[in-house]
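**Q** Let me give you the structure first, and then I'll get to my questions.
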Amino acid sequence: MTESIEYAVDGSIATLTLNRPEVLNALTEEMLLDFGRRVRDAAGDERIRAVLIRANGRGFCAGADLVANKDGQPADAAATLRRLYHPVVEGIRHMAKPVVVAVNGVAAGAGMSLVLAADIVVAGTSASFAQSFTRIGLVPDAGSSWFLPRVVGETRARALALLGKRISAHDALSLGLVWEVVPDDQLVSAARTLAEELASMPNRALAATKRLYEGVSTRTLTEQLELEADAQSAAASTVDFREAVTAFRDKRKPVFTGK
Ligand code: LHQ
């Protein structure tokens, strides 16, 4: 049976591949349920230290499937978002492991929200990004209105959200939406290299760093300093930190064990 989300574990990396290429990976109920399940699988599997999200075909994700429901809309959009989309977006964002996304072709509507939920975005030269929602009479959802102003600033976010225009990979790079742009034929290997690098790093420090960034823009400097101090106290007592310092003194490469 064809899986709408392919899931593969290779060493310490889990790869989730969106797999409805004939409709640019437009999201159906089945696909979102699978996506949520696979995100939970990756989060709960101790072997996994980094997650890669990618897509089959010429597009990353064209957002909600507008055809699967005959009138184009699910009966209750709010219920659909809460039941199907939010667990995926929050699952990616709150996962105590780094998530790298490789974007080829278009990421539109909720497909762009999925991209924004990841920690690091690598784009192929064919990548494009569109808020799309207002173009079909909808509003940003699946986290887009939360992520976008934080990523590109409110002025640019408002323009992107209101106009719903499609922007290129290079424009996305200059807006700070993506970390790097690479040729399409190198996209997956470049994203995988980043995932491998992250997987070899002290994973408790990465998880704690993600937690520090949670809600960072709503905290005061004083609150953030306190959180950093507590997180650093925990990080400084890990075996990995001791190993890093010892290796530095010994002028050798550290070997991290995640302890
Ligand atoms: C599609 C789709 C699609 C189904 C392309 N659905 N088939 C809303 C509702 C409630 C809760 C959840 O959240 C949301 C938020 C959303 O995400 S709303 C949806 C936002 N997305 C869009 O509005 C994008 C709609 N698609 C497009 O504008 C174009 O397809 C783009 C610009 C993405 C790509 O254009 P092209 O490269 O020219 O490709 P195409 O249009 O020819 O699409 C290829 C195929 O994919 C085609 O099927 P066909 O059988 O004709 O080959 C499309 O019908 C299908 N497809 N998007 N969202």
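**Q** Among Asp45, Asp141, Asp65, which one shows the highest mean-square fluctuation when the chain is modelled as a Gaussian network with alpha-carbon springs under 10 Å?
**A** Among Asp45, Asp141, Asp65, the largest GNM mean-square fluctuation belongs to Asp45.
**Q** Highest mean first, what order results for 14-21, 151-158, 117-124, 232-239 on Cβ atoms within 10 Å?
**A** On the way: 14-21: 21.4, 151-158: 14.8, 117-124: 23.9, 232-239: 13.0.
In descending order of packing, they fall as 117-124, 14-21, 151-158, 232-239.
**Q** For helix 187-199, report the angle its Cα long axis makes with the longest principal axis of the Cα atoms of the chain; keep it between 0 and 90° and round to the nearest 10°.
**A** Approximately 40 degrees, to the nearest 10.
**Q** Given N residues in region 127-259, what is its alpha carbon radius of gyration divided by 2.2 N^0.38 Å?
**A** Details: Rg = 19.5 Å, N = 133, 2.2 N^0.38 = 14.1 Å.
Dividing the Cα Rg of region 127-259 by 2.2 N^0.38 Å gives 1.39.
**Q** Rounded if a/c is under 1.5, else prolate if a/b beats b/c, else oblate: with a ≥ b ≥ c from the C-alpha gyration tensor eigenvalues square-rooted, which is region 1-127? Provide the component values of the computation, followed by the final result.
**A** Working: a/c = 1.70, a/b = 1.34, b/c = 1.26.
Cα axes put region 1-127 in the prolate bin.
**Q** Classify region 32-93 as rounded, prolate or oblate, taking a ≥ b ≥ c as the square roots of the eigenvalues of its Cα gyration tensor: rounded when a/c is under 1.5, otherwise prolate if a/b is larger than b/c and oblate if not.
**A** Working: a/c = 3.21, a/b = 1.62, b/c = 1.99.
In terms of gyration-tensor shape, oblate.
**Q** Tell me which trypsin sites (Lys or Arg not before Pro) from region 1-76 have a DSSP coil assignment and no more than 12 other beta carbons within 10 Å of their own. Each step should come with its number before you reach the end.
**A** Working: sites: Arg37, Arg38, Arg40, Arg47, Arg49, Arg54, Arg58, Lys70; in loops: Arg47, Arg49, Arg58, Lys70.
Passing both the DSSP loop test and the Cβ count: Arg47, Lys70.
**Q** When the helix-only estimate is applied to the chain (DSSP H runs of n ≥ 4, each -39,500 (n - 2.57), divided by the residue count), what is the mean residue ellipticity at 222 nm, nearest 500 deg cm²/dmol? Walk me through the intermediate numbers first.
**A** Values: 11 runs with 115 residues, N = 259.
The per-residue figure over the chain is -13000 deg cm²/dmol.
**Q** Using the Cα gyration tensor of region 171-214, with a ≥ b ≥ c the square roots of its eigenvalues, what is the shape: rounded (a/c below 1.5), prolate (a/b larger than b/c) or oblate (neither)? Before the final figure, lay out each step's value.
**A** Details: a/c = 4.72, a/b = 1.41, b/c = 3.33.
Cα axes put region 171-214 in the oblate bin.
**Q** Dividing the Cα radius of gyration by the Kirkwood radius, what Rg/Rh value follows for the chain? Mind dumping the intermediate values first?
**A** Details: Rg = 18.9 Å, Rh = 19.2 Å.
Rounded to two decimals, Rg/Rh equals 0.99.
**Q** Tell me, what is the percent relative contact order of region 76-222, built from C-alpha pairs under 8 Å that lie six or more residues apart? Each step should come with its number before you reach the end.
**A** Values: 224 pairs, mean separation 40.6, N = 147.
Dividing the mean separation by the residue count of region 76-222 yields 28 percent.
**Q** Please give every one of the aspartates and glutamates within straight-line cross-link reach of Lys259, meaning a C-alpha to C-alpha distance under 17 Å, and leave out same-chain neighbours fewer than 8 residues apart.
**A** Asp45, Glu46, Asp240, Glu243
**Q** For the peptides 24-32, 168-176, 76-84, 105-113, what is the packing order when you average, over each peptide's residues, the other Cβ atoms within 10 Å and list the highest mean first?
**A** Numbers: 24-32: 21.3, 168-176: 16.4, 76-84: 14.1, 105-113: 27.2.
So the order, starting with the most tightly packed, is 105-113, 24-32, 168-176, 76-84.
**Q** Could I ask something else about it? For region 193-258, which trypsin sites (Lys or Arg not before Pro) pass both filters: DSSP loop (anything but H, G, I, E, B) and at most 16 other C-beta atoms within 10 Å? Can you show the working numbers first?
**A** Details: sites: Arg204, Lys210, Arg211, Arg219, Arg242, Arg249, Lys251, Arg252; in loops: Arg219, Lys251, Arg252.
When the trypsin sites (Lys or Arg not before Pro) of region 193-258 are filtered for loop state and at most 16 Cβ neighbours within 10 Å, Arg219, Lys251, Arg252 remain.
No value in this document is a laboratory result; all are computed from the given coordinates. Note that the coordinates shown come from a computational prediction; the quantities given were computed from them, not determined experimentally. Don't worry about glycine lacking a Cβ; one is built from the backbone with ideal geometry, like all the others, and counts go over all protein chains shown.
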